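For reference, the structure discussed in these notes is given below.
The values are calculated or read from the model by the stated rules, or taken from the named source; none is laboratory data. What you see is a predicted model, and the numbers here were worked out from it, not measured in a lab. Glycine gets a Cβ as well: all are built from the backbone with ideal geometry, and neighbour counts include every protein chain shown. When the accessible area is computed, the model is the full protein with side chains, heavy atoms only, and any ligands, DNA or RNA have been set aside. Shrake-Rupley method; radii C 1.70, N 1.55, O 1.52, S 1.80 Å.
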Amino acid sequence: MSTVSSIGLPELIAGIMVLGLNAYVLTGGADFGGGVWDLLAGGPRREAQRALIAHEIGPIWEANHVWLILVVVILFTAFPPAFATLGTVLHIPLTLMLVGIVLRGTSFVFRSYGARDDASQRRWGRVFAVASIVTPVLFGVIVGALASGAVGAAAERLPPSGSAGAGVTPPAFAAIFVAPWLAPFPLMMGALALAMFAFLAAVYLGVAARDAALRDDFRRRALAAAAAMFVAAFGGLAAAHLHAPHVSSRLTGGAAPAFQVATAIAAVTAIGALWTRRWSVARIAAATQVSLILWGWVIVQYPFVVPPTQTLRAAAAPRITLLLLLYGLAGGGAILFPALAYLFRTFTAAGGRSSSPATPRVSGSDERR
């Protein structure tokens, strides 16, 4: 299929969808990264680390999922064939990811507001941490499977509707519903997503910490996560070269090299700022780096929504549907953005920040965003 030569309604709607995904990565993704550091908390300030994580995640962590809901609604409404393909071929990792989101949220609430005995705290803390690790990995796996073209290829092998019993031999279950995502390239993208979320969380928590020693704890963790991102990114490039040549070829052409240079500059800036303890610069550079990685994936995949079979325009809903969706997004945004701003400002004013709350109960702000 030829490359789309002009920007129209499908591209505009898709851009809004990616912006929503970007917002989710920078907010909800950092919350998942907080769970990683909750699991890996250690040293003499272990409880202070966990208390700061709980303090910064709550009480608006659940509001961050509005961005993921927005992405799903746009995909379902604007690109229904793509939604059907993803929901069919990737139903296993998508279901596991949703279960992880639910388990993480419920365990966080039970640990914060439930029984205070050590056994209950350990049990819910373990569920919270494991779900915070598994869910980002699945998120990256889904993105990697989609970008590799394996999802579109698997969908093409599905027998036509109504062909059951008509002498058509269906493909093996594993070949369609497991192999596209349980593969080297998607798994490396899962590792990259986990490292990115952990990196964001460590930077945000370092900004939020008031105690110098506690801030240095998260500074070291941020630098370690940055190194993990480097390893995962180059591992992903190697896996793409061997197992996803479509991705590898797109990374060397078009606007992709410019995004890679910009990402490298943001990464060096973030690491340099962390090294010199310039936390405000580190936060901006880290968010920029992660955003550029996400948009780099979009550049590699464009103009497809499900490579290599469904372009944005081929999968788009009728024009009237896209227009009504655009009007709905404009009206919803007029309500959503002031509401979120009011939510953040309210809890910032009410709670303030503390580097070492007495308990991991939720109490305070989410100023890191």
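Before moving on, here are some points about what is shown:
- Every residue from region 181-220 that is of a type outside the set (A, V, I, L, M), under 21 Å from V134 (Cβ atoms) and in contact with a Phe, Trp or Tyr (Cβ under 6 Å, 6 or more places away or on another chain): F197
- Of the listed requirements (1) farther than 24 Å from D211 by Cα; (2) free of Cβ contacts under 8 Å to residues at least 24 places away in the same chain, A78 misses just one: (2).
- T85 being hydroxyl-bearing (S, T, Y), within 22 Å of L294 (Cβ to Cβ), modelled with pLDDT under 95 and open to solvent by less than 10 Å² (accessible area, probe 1.4 Å): no
- Only one entry in L205, L214, L182 is outside any helix (DSSP H, G or I) and either more than 20 Å from the chain's Cα centre (by Cα) or at pLDDT below 95 (or both), namely L182.
- The criterion of being on the phi > 0 side of the Ramachandran plot and not hydroxyl-bearing (S, T, Y) holds for R277.
- Enumeration of residues in region 252-280 that are open to solvent by 20 Å² or more (accessible area, probe 1.4 Å), in a helix (DSSP H, G or I) and farther than 19 Å from A30 by Cβ: P257, A258, F259, Q260, V261, A262, A264, I265, V268, G272, W275
- Of the residues making up region 112-146, those that are closer than 17 Å to A191 by Cβ and touching a Pro at 6+ places or on another chain (Cβ under 7 Å) number 5.
- Between R283, R313, the distinction of being in a helix (DSSP H, G or I), closer than 26 Å to P80 by Cα and charged (D, E, K, R) belongs to R313 only.
- Qualifying residue in region 231-251 (condition: of a type in the set (S, T, N, Q), farther than 21 Å from M189 by Cβ and open to solvent by 20 Å² or more (accessible area, probe 1.4 Å)): no
- Cross-chain or 6+ apart pairs with Cβ under 7 Å, region 88-114 first and open to solvent by less than 60 Å² (accessible area, probe 1.4 Å), then charged (D, E, K, R): G105/E62; S112/R361
- Lone unmet requirement of (1) among the charged types (D, E, K, R); (2) open to solvent by 40 Å² or more (accessible area, probe 1.4 Å); (3) under 30 Å from L52 (Cβ atoms); (4) part of a helix (DSSP H, G or I) for E156: (3)
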